[in-house]
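Just below is one structure, and these are the notes that go with it.
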Amino acid sequence: MAAEQIVSSTMASLSGAAGTCRLLPSSSSYSPRRTKVSVSTSSSLTHSSLRSSSFYSPLPSLVIHNQKHQRRSLNHVANSGTIVITPTCFASDPDQLKSAKGDIRELLKTTFCHPILIRLGWHDAGTYDKNIEEWPQRGGANGSLRFEIELKHAANAGLVNALKLLQPIKDKYPGVTYADLFQLASATAVEEAGGPTIPMKYGRVDVSVPEQCPEEGKLPDAGPPSPADHLRNVFYRMGLSDKEIVALSGAHTLGRSRPERSGWGKPETKYTKDGPGAPGGQSWTAQWLKFDNSYFKDIKERRDEDLLVLPTDAVLFDDPSFKVYAEKYATDQDEFFKDYAEAHAKLSNLGAKFDPPEGFSIDDGSTNPTPEKFVASKYSSGKRELSDAMKQKIRAEYEAVGGSPDKPLQSNYFLNIMIVIAVLALLTSLIGN
Ligand code: HEM
């Protein structure tokens, strides 16, 4: 079926259900195969992206995706041939999201791009303004950062590289929105670097045209005249608290600053000259691909000239309210992980419009279980609780010889005594002879 037919037939049938179901994947300024699709309809659609008389959409993935979405979400075709729609289709396909997560894991293993993916997710979400009600004018996690006009904002220098890394995954899974993909990539990067599991939800709707991008200047500067006031102005506008400012700043435990991008940091240090990934830049921590609380320890001590401390990092230990949290996170990694995971999830939802409205989770626990975290104390001293697998193994070994760990092998005991008696009897008779 031609794309125009799919579009017009779906649109015509949607006049009663407009707004409940995303009809089309949003446009891509990076898609290698773009086709202009004309929309000719008299239906009264309310979705702003479809009000215009034409839009761009990647093909042929668009056609396949829409056919799949229709099958998944349309309950039945009535006798008249009219498609009856129930509001059950989501902005992103949960199965495709799960598969995309696997692909992101592979990408991370080969390119070590954890930090830049986290920054991409943060910069898409961090434009949110809680004082604006309308979507997408309020900014936030809506995939607008894929458009060139926003990527060219000074604060986003270098993030085009993150988009280039993710675009093949987006092409492979057209049923995943950019807004979800950016947040999925960021949360996966934190987890894969050893950080906490983020309680994520999905279903974010994408903006569809560059005109819906936020204006420049919504993200924080690293060296403003009054860093504490500046951080509060920016993060309070997003509805975030002092605790969340400090916890989220802890993401700088990963990654590097590059003078040619942000203007901050050294061109290279002993920690970055060999990569991994493209060498260079200045990191906040020595192990800048490991998510832990060393950021707080290192910016507090400031002992190593090769480690970066931005003015907005330093203020976390200068401002009395920020300091309470920074000190706590420097000594207690569990507290940092707990607060970071909550704050990251909140950040990832800012400004997002979810379809379904409550969002959905993709963590059913059945696929790719998170490997058990390394906890040093477990391997040092003290009694260790046996794992369930080990208990099962021991039980099986006992049972194979007729006993059980709860009930020691009495039958074998008896057998042993009989053998000893027999040997003694043999020895006695030998000696007697
Ligand atoms: C508190 C205000 C913040 C300021 C002023 C700030 C500033 C910066 C700057 C200047 C860079 C260097 C960029 C470059 O040269 O490529 C950077 C990198 C980074 N930022 Fe932030 N940031 C802030 C908050 C955050 C938050 C909230 C997150 C995530 C939750 C985050 C995650 C990152 C990461 C992971 C990198 C490393 C990127 C890479 O290695 O490519 N930042 N940030």
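Computed FRET efficiency, Cβ-Cβ of LYS109 and GLU301, R0 35 Å: what is it to the nearest 0.05? All intermediate terms of the calculation are to be shown ahead of the outcome.
Details: r = 32 Å, r/R0 = 0.91.
Approximately 0.65, to the nearest 0.05.
Work from the charge dipole of the range 158-286 (Cβ charges, +1 for Lys and Arg, -1 for Asp and Glu, about the Cα centre) and give the residue of LEU219, SER186, GLY280 farthest towards its positive end.
Going by the charge dipole, the pick is GLY280.
List the residues, sorted by chain then number, that are 5 or more residues from TYR202 or on another chain and whose placed amide H is less than 5 Å from its amide H.
Amide H to amide H, under 5 Å and 5 or more residues apart or across chains, TYR202 pairs with PHE360, SER361.
Show the residues, 5+ positions off or on another chain, whose built amide H is closer than 5 Å to the amide H of SER257.
For SER257, whose amide H was placed from the backbone, the distant partners under 5 Å are GLN282, SER283.
Convert 37 °C to kelvin, take the viscosity as 0.692 mPa s, use the Kirkwood radius over C-alpha pairs of the range 94-212 as Rh, and evaluate the Stokes-Einstein diffusion coefficient in µm²/s, rounded to a whole number.
On the way: Rh = 14.4 Å.
Answer, rounded: 229 µm²/s.
Which of LYS164/LYS290; LYS243/LYS270; LYS101/LYS290; LYS172/LYS353; LYS218/LYS266; LYS109/LYS164 have a Cα-Cα distance over 21 Å?
Details: LYS164/LYS290 23 Å; LYS243/LYS270 32 Å; LYS101/LYS290 19 Å; LYS172/LYS353 23 Å; LYS218/LYS266 25 Å; LYS109/LYS164 16 Å.
Long pairs (Cα-Cα over 21 Å): LYS164/LYS290; LYS243/LYS270; LYS172/LYS353; LYS218/LYS266.
Return the loop-located chymotrypsin sites (Phe, Trp or Tyr not before Pro) in the range 279-328 (DSSP other than H, G, I, E, B) with at most 13 other Cβ atoms within 10 Å of their own Cβ; answer none if there are none.
Details: sites: TRP284, TRP288, PHE291, TYR295, PHE296, PHE317, PHE322, TYR325; in loops: TRP284, TRP288, PHE291.
Passing both the DSSP loop test and the Cβ count: no residue.
Determine, for each peptide in 212-223, 236-247, the mean count of other beta carbons within 10 angstrom over its residues, then list the peptides with the highest first.
Numbers: 212-223: 16.4, 236-247: 20.0.
Result, highest mean Cβ count within 10 Å first: 236-247, 212-223.
Using the Cα centre as the reference, give the magnitude of the dipole from point charges on the C-beta atoms of the range 90-210 (Lys, Arg: +1; Asp, Glu: -1; all else neutral), rounded to the nearest 20 debye. Could the numbers behind the result be given before it?
Numbers: 14 positive and 15 negative charges, 48 e Å.
It comes to approximately 240 debye.
Testing the spin-label approximation: label points 7 Å from Cα along Cα→Cβ at ILE132 and ASP318. State their distance in nm.
Going by the 7 Å Cα→Cβ label model, 3.1 nm.
Every number in this text was worked out from the coordinates using simple rules, so none of it is lab data. If you're wondering where the values come from, they're calculated on a predicted model, not measured in any experiment. Using ideal geometry, Cβ is built from the backbone for each residue, glycine included, and neighbour counts are taken over all protein chains shown.
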